[in-house]
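A quick write-up on the structure given underneath.
Please treat every number below as a calculation from the coordinates, not as lab data. These figures come from a predicted structure and were not determined experimentally. All Cβ positions, glycine included, derive from the backbone under ideal geometry; neighbour counts span all protein chains shown.
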Amino acid sequence: MATKEMKKILDIVPDLLSIPYSRMWTSYDKEADVLYINFKKPSHADDSELTDDDTIIRYEKGEIVGITILNASKKGKSKKLIKPKNLA
């Protein structure tokens, strides 16, 4: 069992390393099907935006400090790029 779990984790390592943040904290609320990803702790978002694909991008002083992915279990391995407003 642990071997399957480790393979899943190791399979995403290249994707994790390509993220432009060196620190990341995640939390998944299974009941709400929401994945929270934070890039700064503590973070105090002062702005946010909801994208067309049910993702909330949270900002602090113009910098992305986290994202909230709604309906997370329904997201596929899409290569669709989410463009935050400060990169658009």
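Some points to look at:
- Cα gyration tensor category, rounded, prolate or oblate, for segment 1-46 with a/c compared to 1.5: oblate
- Candidates 32, 71, 44 compared by Cα position along the dipole of segment 22-74: farthest toward the positive end lies 44, with charges placed on Cβ.
- Only Lys, Arg, Asp and Glu carry charge here, each on its Cβ (+1 for the first two, -1 for the last two); on that basis the chain has a dipole of about 400 debye about its Cα centre.
- GluC sites (Glu not before Pro) within segment 2-75, DSSP loop, no more than 16 other Cβ atoms inside 10 Å: 31
- One chain, two ends: residue 19 and residue 41. Fully extended at 0.36 nm per residue, the span grows by 6.2 nm beyond their Cα-Cα distance.
- Bins of 5 Å, starting at 0 and running to the largest distance - Cα pair percent for segment 22-74: 5, 22, 28, 24, 16, 4, 0
- Added length on full extension, which subtracts the Cα-Cα distance from 0.36 nm per residue, residue 63 to residue 9: 16.7 nm
- Counted residue by residue at 0.36 nm each, then reduced by the alpha carbon distance between them, the extension gain from residue 54 to residue 71 reaches 5.4 nm.
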